Amino acid sequence: MQPVISVQNLNKTYASGHPALKNINLQIHKGEIFALLGPNGAGKTTLISIICGIVNIGDGQVLVGAKDIRADYRAARSQIGLVPQELVNDVFETVWATVQFSRGLFGKKPNPAYLEQLLRDLSLWDKRDAKLFELSGGMKRRVMIAKALSHEPSILFLDEPTAGVDVELRRDMWEMVRRLRERGVTIILTTHYIEEAEEMADRIGVIRNGEIILIEDKTTLMRKLGKKQLIVQLKQPLSAVPGALAGYPLELVDDGHALVFTFDAQREHTGIAELLKDLDRNAIDFKDLQSSQSSLEDIFVSLVRASA
């Protein structure tokens, strides 16, 4: 299956000499939700801006729906909807005029029924005659989403879409993302809310210092890199891990009141049974056992630190 977006050997260096992107290779499939994660300044927005035709491409090739973004810019760009980080609107226009105009920019025929449903889905229908300067920040963000979807794109970029917005908008937007994916729309998002990527994404890409250091199916990533921990709550605190237990990956925490045992849940023998036996042999009594698993945020932080 041909990818809906194909990035090959992409490099971008700004006039200042800063290498923003270094040999980026990325393929995104139709109908998936792809989350691009990375610290500030990693190159996320530059990569999105190049694919969307906002920033000039450096070396390499970018295809959108098999259309080259340089050789066939209009055809490539017409497939894309973009919700940027910054709020950019004509503040003296009404909500309705804004989405109508945005649809017309892409040569789409008027479709009032579609735009009405779009505004209703974003809880904007009651504000359709309001001028943008009259709206709250959250409502303006909703208008940005409506603009991005006004021409019925097959690909939607969401660049930090929920940063600084209210919980209600965040919930509404993710409900809309789910509905769009059900219709076959491809979603690419960057976010600082890693729990959103953990909940929504099919695949995860991690970018750092302009280089993609990992692309993986989310479930596979969490299975391969996610760690499980057994927390042993002790009846009596320890001052140090006993020498008899030195062969186990143990950490003493909570002022000596707990031992944390890190293990690979995918292995046939996790070592838990042996650990509990050795605790008994060494007269170390415990009152409770708890288990936990690494979140996507834990994995992301460890990956970024490891590649520093």
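Please go through segment 175-196 and pick out each residue that is among the hydrophobic types (A, V, I, L, M, F, W, C) and more than 13 Å from residue 32 (Cβ to Cβ).
The first filter runs over segment 175-196 and keeps only residues among the hydrophobic types (A, V, I, L, M, F, W, C), leaving 176-177, 180, 185, 187-189, 194.
Within segment 175-196, 176, 194 meet the criteria.
Please go through segment 30-54 and give me each residue that is aliphatic (A, V, I, L, M), within 24 Å of residue 209 (Cβ to Cβ) and in contact (Cβ under 8 Å) with a residue 40 or more places away in the chain, ordered by number. Give the derivation first.
First, the residues of segment 30-54 that are aliphatic (A, V, I, L, M): 33, 35-37, 42, 47-48, 50-51, 54.
Remaining after also requiring within 24 Å of residue 209 (Cβ to Cβ): 35-37, 42, 47-48, 50-51, 54.
Once the filter is applied, which keeps residues that are aliphatic (A, V, I, L, M), within 24 Å of residue 209 (Cβ to Cβ) and in contact (Cβ under 8 Å) with a residue 40 or more places away in the chain, segment 30-54 yields 35, 36, 37, 42, 47, 48, 50, 51.
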Does residue 54 fit the bill of being under 19 Å from residue 161 (Cβ atoms), of a type outside the set (D, E, K, R) and over 19 Å from the mean Cα position of the chain (by Cα)?
-> yes
Counting just the residues of segment 76-91 that are in contact with a strand residue (DSSP E or B) (Cβ under 6 Å, 6 or more places away or on another chain) and over 15 Å from residue 103 (Cα atoms), which one comes out modelled with the highest pLDDT?
-> 76
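For segment 212-253, name all the residues that are among the charged types (D, E, K, R) and at pLDDT 90 or above.
235
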Scanning for something surrounded by 15 or more Cβ atoms within 10 Å (Cβ to Cβ), among the aromatic types (Phe, Trp, Tyr) and assigned by TED's automatic domain parsing to the domain that holds residue 153, does segment 33-45 turn up at least one residue?
-> yes
Filtering segment 55-75 down to residues that are touching a residue at least 12 places away in the same chain (Cβ under 8 Å) and assigned to a loop (DSSP other than H, G, I, E, B) yields 55, 57, 58, 65, 66, 69, 70
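Does residue 219 satisfy being assigned by TED's automatic domain parsing to the domain that holds residue 65, of a type in the set (Val, Ile, Thr) and surrounded by 15 or more Cβ atoms within 10 Å (Cβ to Cβ)? If you could, list the steps in order and put the result at the bottom.
Details: assigned by TED's automatic domain parsing to the domain that holds residue 65: yes; of a type in the set (Val, Ile, Thr): yes; surrounded by 15 or more Cβ atoms within 10 Å (Cβ to Cβ): no.
Spelling it out, it is not the case that residue 219 is assigned by TED's automatic domain parsing to the domain that holds residue 65, of a type in the set (Val, Ile, Thr) and surrounded by 15 or more Cβ atoms within 10 Å (Cβ to Cβ).
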Which one is surrounded by the fewest Cβ atoms within 10 Å (Cβ to Cβ) among residues in segment 228-256 that are free of Cβ contacts under 8 Å to residues at least 24 places away in the same chain and among the β-branched types (Val, Ile, Thr)?
-> 253
Might you let me know whether segment 92-104 holds any residue that is assigned to a loop (DSSP other than H, G, I, E, B) and assigned by TED's automatic domain parsing to the domain that holds residue 178?
-> yes
Scanning segment 275-292 residue by residue, those free of Cβ contacts under 8 Å to residues at least 12 places away in the same chain and either surrounded by 12 or more Cβ atoms within 10 Å (Cβ to Cβ) or under 39 Å from the mean Cα position of the chain (by Cα) (or both) turn out to be 276
Pull up segment 107-147, narrow it to residues that are free of Cβ contacts under 8 Å to residues at least 24 places away in the same chain and aliphatic (A, V, I, L, M), then point me to the one that is surrounded by the fewest Cβ atoms within 10 Å (Cβ to Cβ).
-> 113
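The values are calculated or read from the model by the stated rules, or taken from the named source; none is laboratory data. Being a predicted model, the structure only gives us computed values, none of them experimental. Don't worry about glycine lacking a Cβ; one is built from the backbone with ideal geometry, like all the others, and counts go over all protein chains shown.
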